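Here is the structure we will look at.
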Amino acid sequence: MNKRRNLPVFSFGGEEPDPNVPDLAAWAGRQKSVGGDLLSYKVEHSLQDQAGLDRLAYGGMYYADRMRESVGGIRSGFLREEPWICPDSLRADASRAARFSRKVWAVVPSPLHLKIEDGIYHDREEYESALCRTYDLLMREMRDAGVYGTIIIGEQFSVLERDLLPGRRVLLHSLSGTSRSVSGILEVQNSLSLPARRLGILPDLLDEYEVRSICVIDGTETDFAGLLSYFDADAMSAGGFSECGGKEYWDGVREHAFVFV
């Protein structure tokens with residue numbers, strides 16, 4: 001008889017809604033000794049909702065505001081000087097998040113998803129390289145403050161983003177999960193994260209790339225059972241990207257995270 005095997009559940013962050021005024025005011029009243037702002041609230045609240053997951057992560061596309069304010073040299077949406085880092089708020093978020101897990105991850109939009117215009121280099125490769133180098137420094141600051149790793153999200157990634165950003169604790173994840181975007185990611189990493197609605201592209205990808213592990217975003221037990229044709233259960237995990245926040249969402253992801261082997 002086959003036995004049920006629970007799969008690890010990994011967070012890929014999400015989009016946190018703005019809190020109501022009374023909840024934010026009550027939270028702010030408890031922060032007098034440590035400080036914080038709206039993004040700090042969202043970081044903390046999102047991690048509270050993820051209690052019990054195998055990998056906690058804070059951030060999402062909304063975290064673009066924090067990343068932009070951490071890059072010096074931007075004026076009126078244009079990069080006007082050689083960028084430098086302003087990591088204080090990032091470090092504070094990382095320290096806050098590390099209280100929830102020793103291996104918490106941060107989820108940040110890719111450099112080009114910040115939509116900063118080039119007002120200094122006037123050369124696309126130099127501009128992208130400068131932003132990626134700045135990101136590398138910022139991610140190092142976050143790790144030093146307690147973050148275990150970083151997931152960089154976007155729809156697609158440029159060649160330079162793919163070449164310069166991934167590492168042992170830096171993963172790329174395409175929100176759209178199109179064949180083109182995922183193929184680009186698999187050129188530089190062998191772990192795949194894919195929305196369940198995009199699993200149909202998997203056979204073609206496996207013909208071309210070596211994929212050692214797969215994490216299915218919003219998968220069901222039926223999705224995971226189908227993956228046993230391609231992967232051992234040890235190479236599979238369940239993932240979530242919360243569109244609206246809330247503990248109920250993460251409970252639902254965990255509820256479906258199993259296979260019979």
Checklist entry - What number of residues in the range 200-217 are among the basic types (Lys, Arg) and surrounded by 15 or more Cβ atoms within 10 Å (Cβ to Cβ)? => result 0
Checklist entry - Here are 129, 158: which of them is of a type in the set (S, T, N, Q), within 19 Å of residue 189 (Cβ to Cβ), modelled with pLDDT of 95 or more and more than 13 Å from the chain's Cα centre (by Cα)? => result 158
Checklist entry - If you take the residues in the range 226-250 that are in contact with an Asp or Glu (Cβ under 8 Å, 6 or more places away or on another chain), over 10 Å from residue 9 (Cβ atoms) and not in a helix (DSSP H, G or I), which one is modelled with the lowest pLDDT? => result 245
Next on the checklist: Out of 37, 54, I need the residue that is of a type outside the set (S, T, N, Q), farther than 20 Å from residue 166 by Cα and at pLDDT 95 or above. Which one?
Outcome noted: 54
Checklist entry - Among the residues of the range 109-121, is there at least one that is part of a loop (DSSP other than H, G, I, E, B), surrounded by fewer than 18 Cβ atoms within 10 Å (Cβ to Cβ), of a type in the set (Asp, Glu) and in contact (Cβ under 8 Å) with a residue 24 or more places away in the chain? => result no
Next on the checklist: Taking the criterion of being within 29 Å of residue 100 (Cα to Cα), assigned to a loop (DSSP other than H, G, I, E, B) and not aliphatic (A, V, I, L, M), would at least one residue in the range 145-153 satisfy it?
Outcome noted: yes
Checklist entry - Looking only at helices (runs of 4 or more DSSP H) that fall completely inside the range 1-106, which ones have 1 or more residues that are in contact (Cβ under 8 Å) with a residue 12 or more places away in the chain, surrounded by 14 or more Cβ atoms within 10 Å (Cβ to Cβ) and hydroxyl-bearing (Ser, Thr, Tyr)? => result 38-49, 88-98
Next on the checklist: Can you find a residue that is among the small types (Gly, Ala, Ser) and buried (at least 20 other Cβ atoms within 10 Å of the Cβ) anywhere in the range 218-234?
Outcome noted: yes
Item to check | Single match in 188, 253 (criterion: assigned to a helix (DSSP H, G or I), β-branched (Val, Ile, Thr) and in contact (Cβ under 8 Å) with a residue 12 or more places away in the chain) | outcome: 253
Next on the checklist: Of the conditions (1) buried (at least 20 other Cβ atoms within 10 Å of the Cβ); (2) assigned to a loop (DSSP other than H, G, I, E, B); (3) among the aromatic types (Phe, Trp, Tyr), residue 135 satisfies every one except a single condition; which number is it?
Outcome noted: (2)
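The values are calculated or read from the model by the stated rules, or taken from the named source; none is laboratory data. No experiment lies behind these values; they were computed from the predicted model shown. Methodologically, a virtual Cβ is constructed for each residue, glycine included, from the backbone with ideal geometry; neighbour enumeration extends over all protein chains shown.
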